[in-house]
Amino acid sequence: MLKATVTGERQAAVVTVPDPTPKENWVVVKVHTAPMCTEYKTYVAGRPADQLGHEAAGEVVAVAQPGRVKVGDRVVVMPTNACGKCALCLAGDYIHCERNPDFAAFHGTRDGSATYNQYLLKPDHLLVPIPDGISYDHGSLACCGLGPTFGAMQLMNVNANDTLLISGLGPVGLGGVINGVHRNARVIGVESNPWRAQLALTLGAEAVVDPTSPDALAQLRDLTGGKGIDKAIDCSGVVAAHRLCIDAARRKGQVAFVGECSDETSLRISPDMIRKGLTLIGSWHYNMKDTPTMMALVAKVGPQLDKFVTQRFPLTQVQDAWTLQLTGKSAKILLKPWETSS
């Protein structure tokens, strides 16, 4: 099979490796669509990498034993792996599993562990059926396109009574705009990139505030009549955005964090938590019990997803796709491992 690799700083290659084989409850999925996420950071840094990508949709083409899926099933491939047996997995919170299997030790290779490939291996309990009428492209967005903010909104019960702030309108945040509009919330975005800000408005955001403006917080206050935001989701992973969400939230408001961040964000226990009564939430992915709701959402917002997916590239043109991502003038980009031209 073909797979994408990073060979150096802003250098990529597509190489051929053996096709994977199924083993026990691990099945082979032919990847029809692999959405792109933050792998461009590895490409820019030039860190050699040959296992790229963590979201996909495709077709089951080989199984080793009877199980939850069969050959021919169309499936969404959930991110990461998990044991499927611990309390967290059984409760549907597999994303927090602390007993992740050692892929290389179990399969004798790392090939097939990622999604920028023509085939991959996945435990059958992490494959979600794609309902009839939903394409592979749309189904693949049930991962990091819509998933992170969907999970946060489930936890916060975002609804039509809420003013929802989404900071960071990259692909995850733009997916959040779609989620929030679908729930009939009043959506306000925070983004400095004009191209993405305009797309957010096209997707249904009521307003977008530039966080580099010195009166950004005042603008958010004005947009809520001085009360503050009901619920906020940070998708940027930027410390300044964390503080803006916390400061913009109303008393007894809720703030969820889905953007990865290794830096330290200051939290003032008395004014932020005790006096203001905020609820802060960390959300990585959604609970597996919510997959029917997610797939119903995907089915309903197809026209919005067509605006959200701004480009498609064959796997062999992955370097061109990364180059485009770096311009900031794209939303969700999809790789098509079996196509030969864009």
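No value in this document is a laboratory result; all are computed from the given coordinates. These figures come from a predicted structure and were not determined experimentally. Here the Cβ positions follow ideal geometry from the backbone for every residue, glycine too, while neighbour counts run over all protein chains shown.
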Sorted peptide list for 171-180, 327-336, 218-227, criterion being average Cβ within 10 angstrom, highest first: 171-180, 327-336, 218-227
Which three lengths, in whole Å and largest first, does the range 185-342 cover when its Cα atoms are put on their principal axes? 58, 39, 31
So for each of 254-267, 115-128 I average, over its residues, the number of other beta carbons within 10 Å; can you give me the resulting order with the highest mean first? 115-128, 254-267
Can you tell me how much longer the chain between Glu59 and Lys85 gets when fully stretched, taken as 0.36 nm per residue apart minus their C-alpha distance, in nm with one decimal? 6.9 nm
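Let's test the formula: R0 of 35 Å, r as the Cβ-Cβ distance of His96 and Val239. What FRET efficiency results, to the nearest 0.05?
Numbers: r = 24 Å, r/R0 = 0.68.
So, using R0 = 35 Å, E works out to roughly 0.90.
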Amide hydrogen neighbours beyond the local backbone of Ala64, cut-off 5 Å, H modeled: Lys23
Which entries in Lys23/Lys289; Lys122/Lys336; Lys41/Lys252 show an alpha-carbon gap greater than 30 Å? Lys41/Lys252
Of 35-47, 11-23, 73-85, ordering from highest average Cβ density within 10 Å down gives 73-85, 35-47, 11-23
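What does the charge count near Gly237 come to, summing +1 for each Lys or Arg and -1 for each Asp or Glu among other residues with Cβ under 12 Å from its Cβ?
That works out to -2.
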Given that just one value was derived from the coordinates, which of (1) 55, 44, 42; (2) 60, 42, 39; (3) 77, 55, 43 is Cα extents along the principal axes in Å? (2)
FRET efficiency estimate (nearest 0.05) - Cβ-Cβ, Gln219 to Thr109, R0 56 angstrom: 0.60
Place +1 on the Cβ of every Lys and Arg and -1 on the Cβ of every Asp and Glu in the chain, take the dipole about the Cα centre, and give the residue among Ile333, Cys37, Ser236 whose Cα lies farthest towards its positive end. Ser236
Magnitude of the Cβ-charge dipole of the range 147-282, K/R +1 and D/E -1, about the Cα centre, nearest 20 debye? 520
Estimated inter-spin distance, Ser135 and Asp210, nm [label 7 Å along Cα→Cβ]: 3.5
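From the helices alone, meaning DSSP H stretches of at least four residues, give me the mean residue ellipticity at 222 nm for the chain, per-run term -39500 (n - 2.57), in deg cm²/dmol to the nearest 500. Walk me through the intermediate numbers first.
Numbers: 12 runs with 94 residues, N = 342.
My calculation for the chain gives -7500 deg cm²/dmol from helical runs alone.
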Summed over the other residues with a beta carbon less than 11 angstrom from that of Lys276, with K and R at +1 and D and E at -1, the charge totals +3
